[in-house]
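The values are calculated or read from the model by the stated rules, or taken from the named source; none is laboratory data. Quantities reported herein were computed from a predicted structural model and do not represent experimental measurements. Every residue, glycine among them, receives a Cβ derived from its backbone with ideal geometry; neighbour counts consider all protein chains shown. Accessible surface is based on the protein model in full, side chains and every heavy atom, while ligands, DNA and RNA are left aside. Shrake-Rupley method; radii C 1.70, N 1.55, O 1.52, S 1.80 Å.
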Amino acid sequence: MVDVVKWVDSTVRRRNAKEALENDARRAQVVQAAVDAIEEGGGQVGMGQVAERAGIPRPNVYRHFASKEQLDAEVARFAATELLRRVRPHLSRTGTPVEIIRGLIAPCVAWAAEHPHLFRFLAAQQQTKALHRARLGRTRLLSEIVAAARSYLSETPLSADPPEGVLVGVMGMVDASITWWFDHHDETQEQLVDRLTRQVTAVLVDTLAQYGLVVPEDMVFRPGDQL
């Protein structure tokens with residue numbers, strides 16, 4: 001005889017798993033609709049616009065996101081992930097400080113140039129505490145930059161984590177400079193990359209000097225290896 005209880009439990013589990021997958025798919029659909037709307041028209045996107053793009057009634061959006069703030073946080077995480085995907089391959093290259101930093105700045109600026117509205121949205125959203133964590137928390141871009149810096153410095157007297165406040169400040173400077181460039185276009189993209197590379201290098205080299213590590217311009221850094 002069929003074990004009815006076991007059969008019912010199995011059926012319920014399958015149904016719940018299917019519903020969870022469907023909910024995940026709809027949630028991703030809403031996020032993508034919000035991203036597309038921002039890419040096209042800027043960051044001032046309402047829930048009604050998102051629902052229309054997603055092809056669902058507006059009340060259904062709230063089944064997946066209780067508020068606009070929650071949706072914004074998810075869009076910020078999506079954008080941060082896309083930016084990190086572009087930058088990540090350059091987090092373990094060998095080179096001088098200028099070469100390494102330019103290798104990070106150039107893809108960041110390139111991604112921003114390709115997605116100006118989404119970049120503006122991401123830069124603006126970090127002003128709120130929750131979304132600041134979404135972008136700069138230990139599980140996002142900052143954590144990978146900290147890990148890369150730790151790897152480069154592993155064979156120096158500075159084996160501890162670099163000061164995150166300095167890295168956050170540098171990232172803020174990059175955000176502000178790119179946003180200014182969007183608004184004024186007073187230099188070419190290549191000039192922007194060159195300027196940010198010089199400025200970020202100067203800040204980080206000065207920070208290392210404060211900890212007693214003098215970095216010549218031609219010093220070659222190898223992640224995880226002896227300098």
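Testing Val215 on (1) assigned to a helix (DSSP H, G or I); (2) open to solvent by less than 50 Å² (accessible area, probe 1.4 Å); (3) among the hydrophobic types (A, V, I, L, M, F, W, C), one condition comes back false. Which one is that?
(1)
Just the residues that are among the small types (Gly, Ala, Ser) and farther than 15 Å from Ile101 by Cα, please, taken from segment 173-220.
Ala176, Ser177, Ala209, Gly212
For segment 107-127, does any single residue satisfy the condition of being within 20 Å of Leu167 (Cβ to Cβ), polar (S, T, N, Q) and without any contact (Cβ under 8 Å) to a residue 40 or more places away in the chain?
yes
Hey, does segment 75-90 have a residue that's at pLDDT 90 or above, of a type in the set (D, E, K, R) and touching a Cys at 6+ places or on another chain (Cβ under 8 Å)?
Scanning segment 75-90, I find at least one residue that is at pLDDT 90 or above, of a type in the set (D, E, K, R) and touching a Cys at 6+ places or on another chain (Cβ under 8 Å), so the answer is yes.
Name the residues in segment 63-74 that are more than 13 Å from Gln29 (Cβ to Cβ), without any contact (Cβ under 8 Å) to a residue 60 or more places away in the chain and surrounded by 15 or more Cβ atoms within 10 Å (Cβ to Cβ), would you?
Passing the criteria: Lys68, Asp72.
Only one of these is at pLDDT 85 or above, more than 30 Å from Arg222 (Cα to Cα) and aliphatic (A, V, I, L, M): Leu192, Leu131, Leu118. Name it.
Exactly one of Leu192, Leu131, Leu118 is at pLDDT 85 or above, more than 30 Å from Arg222 (Cα to Cα) and aliphatic (A, V, I, L, M), namely Leu118.
Say whether the condition of being open to solvent by less than 10 Å² (accessible area, probe 1.4 Å), closer than 20 Å to Gln125 by Cβ, touching a Phe, Trp or Tyr at 6+ places or on another chain (Cβ under 6 Å) and touching a residue at least 24 places away in the same chain (Cβ under 8 Å) is met by at least one residue in segment 37-51.
For segment 37-51, residues open to solvent by less than 10 Å² (accessible area, probe 1.4 Å), closer than 20 Å to Gln125 by Cβ, touching a Phe, Trp or Tyr at 6+ places or on another chain (Cβ under 6 Å) and touching a residue at least 24 places away in the same chain (Cβ under 8 Å): present.
Which condition breaks for Ala17 when tested against (1) farther than 16 Å from Phe78 by Cβ; (2) modelled with pLDDT of 55 or more; (3) of a type in the set (Gly, Ala, Ser)?
The number of the failed condition is (2).
Among the residues of segment 37-71, which ones are aliphatic (A, V, I, L, M) and part of a helix (DSSP H, G or I)?
Residues satisfying the conditions are Ala37, Ile38, Met47, Val50, Ala51, Ala54, Val61, Leu71.
Looking only at segment 89-107, which residues are assigned to a loop (DSSP other than H, G, I, E, B) and either open to solvent by 60 Å² or more (accessible area, probe 1.4 Å) or closer than 9 Å to Val220 by Cα (or both)?
Ser92, Arg93, Thr94, Thr96
Since Thr139 meets every condition but one in (1) touching a Gly at 6+ places or on another chain (Cβ under 8 Å); (2) open to solvent by 40 Å² or more (accessible area, probe 1.4 Å); (3) modelled with pLDDT under 85, which condition does it not meet?
Condition not satisfied by Thr139: (1).
Any residue that is open to solvent by 40 Å² or more (accessible area, probe 1.4 Å), at pLDDT 75 or above and outside any loop (DSSP other than H, G, I, E, B) - is there at least one of those in segment 150-167?
yes
Can you tell me how many residues within segment 177-212 are touching a Pro at 6+ places or on another chain (Cβ under 8 Å) and either over 27 Å from Trp111 (Cα atoms) or surrounded by fewer than 18 Cβ atoms within 10 Å (Cβ to Cβ) (or both)?
The qualifying residues number 4.
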